[in-house]
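Data block below; observations after.
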Amino acid sequence: MIGRCIGETSLTQISFISKEMPQVGEYVILEYNQKVILGMIESLVRGSVSLNNEIYNPDTVAKIRQIEGDDYYIKGTVKILGDINDNLRIPRTPAPPGTEIKKAPANILKDIFDIENSLKLGTLINQSDVEVGIDINKMVSRHLAILAMTGAGKSNTVSVIIDGLLAQNGCMLIFDMHSEYVDAEFTNGDVNVIKPIINPRNMDFTEIKKLANLKNAPIQERYFRKAFFEANEKVKQGVAESNDFIELLQINLEVMYDEGENAAEKNKIMDVLNKIEDLKIKYDKLLNTSAGDILKEIKLGKANVLDLGQVDENTAEVLVAHILRRSLRSRKDYVKNHNEDALSYPVFFIVEEAHILAPKNRNPNSKHWITRVAREGRKFGMGLCLVSQSPKSVDEETLSQANNMIILRLVEPKDQRHVQAASESLSEDLVAQLPSLNIGEALVLGLMTKIPTLVKIDEFKGRQRGGDLDILNQWKTTKKSQKKRAKRDRKEIMDLIS
């Protein structure tokens, strides 16, 4: 027995008193009214009736301790999770005060975490013999957020999930902002690297307009729009003067310039032509008319990685928006019309650096399509995983669409409040535990797990580039290389002199 209920009890929470120190996150059971109720310890305090806050002399404390010894009390709260024998439904009657609180047996917990077709995430922090599995279907269809401060174990957690999905022949596309997964090695499948190249013929007007930096310029946009749709029509009819779509835009604009009726009109068209020229120079490596359909490069049973490490944030936003927009349209076409040329299998999109691609205070096109997929994707087999070390900077509406969360160590209060505002099941007491988590430990909650869980995430067995650089070693290595180079240079000079 851990302790007994005290004070007023409710259907969702009870207070208890104990003589033995349990652990936060530990599961307990209460038996009453022929029910076996599961709960989780959310908070603990230790105190002494004699050593209260009204004592102002340390010597008095020492004297009382000599008399009292280690006669402390332990108080805590338990979150009620549900009736074990009734599919974890919340009981209709609260526990009577004085009810015994016992540690939950391992066999009961193993039954709860033994989920069919699950992905093994790790083990319970307080009971390492109990493995924790998460429901893959609910994780993918109801979306996931992995949140933590830098260095808390996000990359390891993402890698464990990817490897687990590969074991099920899953399909995921990682928007890899820092090229962490490009040369990763997974035990259950291979990496398929996708280059950040788009065929401009597959882009819509809004995407190309953003690349051309046509904002707050309605007259320029009107000319650009006309050139864009004329170019598309010529491509469809097979009468285009060029295979280069951007060059087609220029040709159409040049015709408009030649036909311009006055200097003002010609100046506006020339401004658009200049922006098209800037677009060609700036996005020379992004746009390639000879490139194939980027969606066709996504492979089932592979860890598909879109390498965004060498592109700027604006280009990354365009790529992410382009792929999500076309993926959603393609999946709708397959599900509704059974089009065999469309994307024929579900995809789990892992959005690294979600605070950049779906920021709180900006509205890039990538944010629009991430939120759109979060709202509509479930019906068409599209899942999202938002990964961020700065939760407070992620758009709250987007974050709230993630019905599952894996939260590793979070110390910043603003981050904690932002995450709590986005999650209905994250209580104040659970939030209070986030700063005390060690590296690789996480609070897991949502539809993919039957109950909120404190988990020690498994260590990824493959190879992945994430983690801190060995700064001292790189300094030493560079110094040695410089000395060798200087010695070689001196020798070459002496050889020339001699």
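The values are calculated or read from the model by the stated rules, or taken from the named source; none is laboratory data. Quantities reported herein were computed from a predicted structural model and do not represent experimental measurements. Cβ: placed from backbone, ideal geometry, glycine included. Neighbour counts: every protein chain shown.
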_Residue under evaluation V239, criteria (1) assigned to a loop (DSSP other than H, G, I, E, B); (2) under 20 Å from S330 (Cβ atoms), criterion not met_ = (2)
*Checklist (1) in a loop (DSSP other than H, G, I, E, B); (2) touching a residue at least 12 places away in the same chain (Cβ under 8 Å); (3) of a type outside the set (D, E) applied to I55, failing item*: (2)
*Which fully enclosed strands (runs of 3 or more DSSP E) of the stretch 1-49 have 3 or more residues being over 19 Å from E428 (Cβ atoms)?*
3-6, 27-32, 35-47
*Is it true that L426 is touching a Pro at 6+ places or on another chain (Cβ under 8 Å) and either modelled with pLDDT of 95 or more or surrounded by 18 or more Cβ atoms within 10 Å (Cβ to Cβ) (or both)?*
no
*Selected residue [under 24 Å from I112 (Cα atoms) and not small (G, A, S)] from K19, K79, K63*: K79
_Given the criterion in the same structural domain as P359 (by TED's automatic domain parsing), at pLDDT below 90 and within 23 Å of P359 (Cβ to Cβ), identify the matching residue among V320, V311._
V311
*Determine, yes or no, whether I370 is closer than 20 Å to T206 by Cβ and assigned by TED's automatic domain parsing to the domain that holds V320.*
yes
*Residues in the stretch 446-461: is at least one crowded, with 22+ Cβ neighbours inside 10 Å, part of a helix (DSSP H, G or I) and in contact (Cβ under 8 Å) with a residue 24 or more places away in the chain?*
no
*Could you grab me the full set of residues in the stretch 221-248 that are buried (at least 17 other Cβ atoms within 10 Å of the Cβ) and in contact (Cβ under 8 Å) with a residue 40 or more places away in the chain?*
Y223, F224, A227, D244, F245, I246
*In the stretch 319-370, how many residues are in contact with a Cys (Cβ under 8 Å, 6 or more places away or on another chain) and either surrounded by fewer than 22 Cβ atoms within 10 Å (Cβ to Cβ) or among the aliphatic types (A, V, I, L, M) (or both)?*
5
*Select from the stretch 91-149 the residues that are assigned to a strand (DSSP E or B), charged (D, E, K, R) and more than 19 Å from the chain's Cα centre (by Cα) and write down the one among them that is surrounded by the fewest Cβ atoms within 10 Å (Cβ to Cβ).*
K102
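Taking the criterion of being assigned to a helix (DSSP H, G or I), closer than 17 Å to P364 by Cβ, touching a residue at least 60 places away in the same chain (Cβ under 8 Å) and not basic (K, R), would at least one residue in the stretch 185-202 satisfy it?
The answer is no; no qualifying residue exists.
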_Filter pass, Q420 being without any contact (Cβ under 8 Å) to a residue 24 or more places away in the chain, surrounded by 11 or more Cβ atoms within 10 Å (Cβ to Cβ), among the polar types (S, T, N, Q) and assigned by TED's automatic domain parsing to the domain that holds A358_ = yes
*asked:* Quick check on the stretch 8-20. Is at least one of its residues closer than 29 Å to E441 by Cβ, of a type in the set (A, V, I, L, M, F, W, C) and under 33 Å from the mean Cα position of the chain (by Cα)?
replied: no
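Whether any residue in the stretch 219-227 is part of a helix (DSSP H, G or I) and among the polar types (S, T, N, Q) is what I want to check.
yes
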*Counting only residues that are aliphatic (A, V, I, L, M), give me the helices (runs of 4 or more DSSP H) lying completely in the stretch 342-402 with at least 2 of them.*
354-357, 365-376
